[in-house]
């Protein structure tokens, strides 16, 4: 359980970083409410995907490291 929590925190941190970068560089603040809504939705998709992906990568890396130590 501790390993899953650590992986989740790291994945969430990576998702936060990707969301911040995508909002700053890829999706600058539009002037309309619809544009803001679409931009936040796209940013959420990117950060959610990256957070989950990084969490899975970190978990598989930790599992391989534990198996190799045995």
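Every read-out reported here was derived from the displayed coordinates using simple, explicitly stated rules and does not represent laboratory data. If you're wondering where the values come from, they're calculated on a predicted model, not measured in any experiment. No Cβ is skipped: glycine too gets one built from the backbone with ideal geometry, and neighbour counts run over all protein chains shown.
Taking the empirical scaling 2.2 N^0.38 Å for compact globular proteins as reference, region 2-69 has a Cα radius of gyration ratio of 1.41. With the simple spin-label model, which puts each label point 7 Å out from Cα in the Cβ direction, the residue 45 to residue 64 separation comes to 3.0 nm. Packing-based ranking of 41-49, 56-64 yields 41-49, 56-64, ordered from highest to lowest mean Cβ neighbour count within 10 Å. For the pair residue 33 and residue 10, what calculated FRET efficiency results from E = 1/(1 + (r/R0)^6), where r is the Cβ-Cβ distance and R0 = 30 Å, to the nearest 0.05? Result of the calculation: an efficiency of 0.30.
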